[in-house]
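Working notes, structure below.
Each value in this text was obtained by applying a stated rule to the coordinates, not by laboratory testing. Remember, it's a predicted structure, so these values are computed and weren't measured experimentally. Quick reminder, even Gly has a Cβ in these numbers, built from the backbone with ideal geometry, and neighbours come from all protein chains shown.
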Amino acid sequence: MNVLFFLTPKNDVAYLYDDYSLRQAIEKMEHYRYSAVPVINREGTYIGTITEGDLLWHIKEVQLKDLYDAEDIPLKSIKRHWYNEPVNAQSNIEDVIMKSLKQNFVPVIDDNGTFIGIITRKDIMLYCYNEYKNAQESGIA
């Protein structure tokens with residue numbers, strides 16, 4: 001099955017640019033209530049994923065006392081402790097399922113490494129459930 005069937009397109013995904021400040025990242029993540037967000041550069045290339053933990057550990061490391069000081073800290077300077085490995089748009093569903101075991105979402109890139117969206121773990125679980133249910137109904141499972 002084509003993984004693009006499961007794609008939440010980039011224009012429907014909250015993401016951060018790597019040239020954002022720490023404060024911008026905190027505010028966007030707070031607004032959407034996400035604990036992890038994809039990071040891309042201005043050319044659209046997928047860079048990685050930043051988590052609440054990454055931001056918190058950095059705030060602790062630099063002993064940030066005031067949120068306004070976070071405006072001077074570029075997001076690209078923050079060490080990321082987790083990398084949500086992307087899949088290519090041409091990947092098969094098995095690749096996506098295996099990656100989703102360790103990630104809340106799977107970033108999807110095109111052949112040029114450009115971020116085109118994500119596949120959520122919820123969508124993958126729904127697919128697996130429906131496949132199981134169809135197999136049960138047909139007497140296979």
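Being of a type in the set (A, V, I, L, M, F, W, C), assigned to a strand (DSSP E or B) and under 17 Å from Thr114 (Cβ atoms), is that true of even one residue in region 1-12? Steps first, answer last, please.
Applying the first criterion (of a type in the set (A, V, I, L, M, F, W, C)) to region 1-12 yields 1, 3-7.
From what is left, the residues that are assigned to a strand (DSSP E or B) are none.
The answer is no; no qualifying residue exists.
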Selected residue (criterion: surrounded by the fewest Cβ atoms within 10 Å (Cβ to Cβ)) from residues of region 8-33 that are under 17 Å from Gly48 (Cα atoms) and among the basic types (Lys, Arg): Lys28
Flagged in region 54-102 as in a loop (DSSP other than H, G, I, E, B) and under 14 Å from Val39 (Cβ atoms), in numbering order, are Ile78, Lys79, Arg80, His81, Trp82, Tyr83, Asn84, Glu85, Pro86
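Scan region 28-47 and give yes if some residue there is among the basic types (Lys, Arg) and at positive phi, otherwise no. Give the derivation first.
From region 28-47, those among the basic types (Lys, Arg) are 28, 33, 42; that's our starting set.
Still in the running and at positive phi: 33.
There is at least one residue in region 28-47 that is among the basic types (Lys, Arg) and at positive phi.
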Lys122 under 30 Å from Arg23 (Cα atoms), free of Cβ contacts under 8 Å to residues at least 12 places away in the same chain and among the charged types (D, E, K, R): yes
Residue among Asp18, Asp54 that alone is in contact with a Gly (Cβ under 9 Å, 6 or more places away or on another chain), within 20 Å of Lys79 (Cβ to Cβ) and not β-branched (Val, Ile, Thr): Asp18
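Kindly indicate which of Val87, Val106 is closer than 28 Å to Tyr129 by Cβ, without any contact (Cβ under 8 Å) to a residue 24 or more places away in the chain and under 12 Å from the mean Cα position of the chain (by Cα). Spell out how you get there, then give the answer.
Numbers: Val87 fails: without any contact (Cβ under 8 Å) to a residue 24 or more places away in the chain.
Step by step, each of Val87, Val106 is checked, and only Val106 is closer than 28 Å to Tyr129 by Cβ, without any contact (Cβ under 8 Å) to a residue 24 or more places away in the chain and under 12 Å from the mean Cα position of the chain (by Cα).
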Filter region 79-113 down to residues that are buried (at least 19 other Cβ atoms within 10 Å of the Cβ) and touching a Phe, Trp or Tyr at 6+ places or on another chain (Cβ under 8 Å), then give me how many there are. 6
